[in-house]
Structures are given as structure tokens and as C-alpha cells.
Amino acid sequence: MAPGAAPEAALYVVATPIGNLGDITLRACEVLRRVSWVAAEDTRHTAPLLRHIGSPARLLAAHEHNEEEAAERIIAHLRQNEAVALVSDAGTPAISDPGARIVARVRAAGLRIIPLPGPCAAAAALSASGFSAPHWLFYGFLPTREKQLEKALAELRALPYALVFYEAPHRIVATVRAMEKVFGGVRRIVLAREISKLFETIHSAPLAEAITWLEAEETRQKGEFVLLLDTPGAEEKAEDGAETEKNERVLRLLVSSGLPLKQAVALTQEIAGGSRNALYARALELKP
């Protein structure tokens, strides 16, 4: 879109500041000033931003509870040759935020979607982590219930990638405890808190030390978090190898004693840990 020109009738997916208002891009300001409508996760949150940049655009609500209805309204505006911007409360829409279903519906309607790059907490935290892993996996928010949380983490443990999560302040201690339980104390974690805000904090430590750091000051548990786990190191791989060897010995002994496979697997998991599915698959191979 050329400066001063009327915007094309398209859905502009606009990244907005995650903290400092200065993080908004020149292009985002230009688009938000010239579109007819801004579809916002919370219109009360977005209205001050529009006032700040001098945008006269009208607001419509587009949150997780009304995405279908909002998509219909947006499609109707686009078909009337009106440009619409989609924003979330902070950061890039549709990434652990509402918006993906709206984008999908607009695309299915054959209408144009134009993404505007900009602030993203995951990318910002990763750039400051110091991790050299060439590949990383963005998971977003983990399950909140303890068993589901530990199961989700166990499925990620052996992956050779840096892992990136979002977490809320009231869950941060429980989540980091679960990470230490599942990954052990050696794996390095980066806790990135309040990125681009006044009290931004980025702390790196082995998982064994992370809880002590969090609990040393109550303020360290406040704000929105990005959690990053480094790839498995040599020490952790050695620990995993020793655990696998122990699992194998226990499972082999129980299967050879004639126990039903399900019982042998359950006892092995209780005694030595490990994945139930992996243990059962190995038990089938060991069955006489």
C-alpha cells in the first residue's frame, strides 16, 4: 500500500505492541489509520492504541467466543470493498490468540489476506535466549491439569529442538516444577518475563535452579512469561541412556516371570519410569 493511498479491500493481519508502544511498525500504523474497520480481541484494549496513532477506524469485536459471527461481519465488509485489520490484544494475531478461524473463513471465501510482520513474544524471547539450536518448536500454552501437563512434557522430552512455551503468572511455578520433574535438573531454561515492558526480565538457569530463582522474590512470578528449554545436552542424554537400560532390565525380568504384559508394563513404569506406550511395545517384543 503506497503512502496516502486507499488500502486494498483485504484482511490485514496486524501485529501490535506486546509492551512498548514504540514497537509498532510504520506499516502497521499506516494500515490502521487507513482501514475502515479494525477487528479486535478486546475493543476496550485496542481503542487507546488507535487514538494514540490517530486512527479513525471503527471497531468490531473478534474474540474467541464470537469468531464465527465476527468472520461473517468481516467477510461482508470485504465484499463491500472495505478494508479490515485484524488485531489481538498484543503481538501477532492467531498465534496462541484468537484469529485463526477468522483467517480461515476469509480465505475460504476467496478474499485476500495480507499479513504485516511485527512483535511476537516467542520470537523476541528466542532471540535473547542464547540458544544455538538450529530448530525450535513453538508449543504455546501447556495443559493446566497436572497429569495432562506432565504427559505433554514427556512427549516433548526427547525432541532435538529448543522448546518455546507461553505461561500465565498463576501457573508459572507449577509448570516449571513439572518441567524439572519430567526433563530433570540439567536442561537449561530461559524465563522471559514481561518482554518489552517496564519490568522485563530474562533469566537463564538449569532447571534445578529455576524454582529457587522464581521463589526468591514474589515479583519474579508476576507478568506474562515465555519459557524456553534448550535441546537435550550430553549429560541429559547419558541420564536418559541409563534410565532406558534400567527400564529394559526391569521389564525383561517381569515379562520373563510370566506376568501379563499390562501388569508388567505398569510395574516397570512405577519402578523405573518411562513411556507406557514405549514399554508396552518393548514388552510385546520380549514376550516368549
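The values are calculated or read from the model by the stated rules, or taken from the named source; none is laboratory data. Only a predicted model underlies this, so the values are computations on that prediction, with no experimental measurement involved. Note that each Cβ is placed from the backbone with ideal geometry, even for glycine, and that neighbours are counted across all protein chains shown. What goes into the accessible areas is simple: the full protein's heavy atoms, side chains included, and nothing from ligands, DNA or RNA. Shrake-Rupley method; radii C 1.70, N 1.55, O 1.52, S 1.80 Å.
Taking into account only those residues within the stretch 260-288 that are farther than 19 Å from Gln148 by Cβ and of a type in the set (Lys, Arg), which is modelled with the highest pLDDT? The selected residue is Lys262. Would you confirm whether any residue within the stretch 37-50 is of a type in the set (Ser, Thr, Tyr) and within 30 Å of Ala192 (Cα to Cα)? Yes; the residues of the stretch 37-50 include at least one that is of a type in the set (Ser, Thr, Tyr) and within 30 Å of Ala192 (Cα to Cα). The residue that is nearest to the chain's Cα centre (by Cα), counting only those in the stretch 201-220 that are more than 20 Å from Ala128 (Cβ to Cβ) and part of a helix (DSSP H, G or I), is Ile211. Going through the stretch 12-29 one residue at a time, which ones are open to solvent by less than 40 Å² (accessible area, probe 1.4 Å) and part of a helix (DSSP H, G or I)? Passing the criteria: Ala28, Cys29. Glu180 meets the stated requirement of being open to solvent by 10 Å² or more (accessible area, probe 1.4 Å) and free of Cβ contacts under 8 Å to residues at least 40 places away in the same chain. Quick check: anything in the stretch 216-233 at pLDDT below 85 and surrounded by 17 or more Cβ atoms within 10 Å (Cβ to Cβ)? So far as the stretch 216-233 goes, no, none of its residues is at pLDDT below 85 and surrounded by 17 or more Cβ atoms within 10 Å (Cβ to Cβ).
Kindly check whether there is at least one residue in the stretch 83-100 that is of a type in the set (Asp, Glu), over 30 Å from Ile189 (Cα atoms) and in contact with an Asp or Glu (Cβ under 9 Å, 6 or more places away or on another chain). No: the stretch 83-100 contains no residue that is of a type in the set (Asp, Glu), over 30 Å from Ile189 (Cα atoms) and in contact with an Asp or Glu (Cβ under 9 Å, 6 or more places away or on another chain).
Those residues that are within 30 Å of the chain's Cα centre (by Cα), crowded, with 16+ Cβ neighbours inside 10 Å and in a helix (DSSP H, G or I), I need them from the stretch 263-288; list them, please.
If the condition is that a residue be within 30 Å of the chain's Cα centre (by Cα), crowded, with 16+ Cβ neighbours inside 10 Å and in a helix (DSSP H, G or I), then Gln269, Leu279 are the ones that fit.
Of all residues in the stretch 183-215, those being open to solvent by 70 Å² or more (accessible area, probe 1.4 Å) and either among the hydrophobic types (A, V, I, L, M, F, W, C) or touching a Cys at 6+ places or on another chain (Cβ under 7 Å) (or both) number 3.
Restricting attention to the stretch 37-65, and to residues there that are in contact with a helix residue (DSSP H, G or I) (Cβ under 7 Å, 6 or more places away or on another chain) and among the small types (Gly, Ala, Ser), which single residue is nearest to Val84 (Cα to Cα)? Outline the logic, then answer.
Let us first name the residues in the stretch 37-65 that are in contact with a helix residue (DSSP H, G or I) (Cβ under 7 Å, 6 or more places away or on another chain), namely 37-40, 50, 52-55, 57, 59-62.
Restricting the remaining residues to those that are among the small types (Gly, Ala, Ser) gives 39-40, 54-55, 57, 61-62.
Values: Ala39: 7, Ala40: 10, Gly54: 16, Ser55: 13, Ala57: 9, Ala61: 12, Ala62: 12 Å.
Per the stated criteria, the residue is Ala39.
Taking first residues from the stretch 35-48 that are free of Cβ contacts under 8 Å to residues at least 40 places away in the same chain and partners that are open to solvent by less than 40 Å² (accessible area, probe 1.4 Å) and among the basic types (Lys, Arg), no Cβ contact under 8 Å between residues at least 6 apart in sequence or on separate chains turns up.
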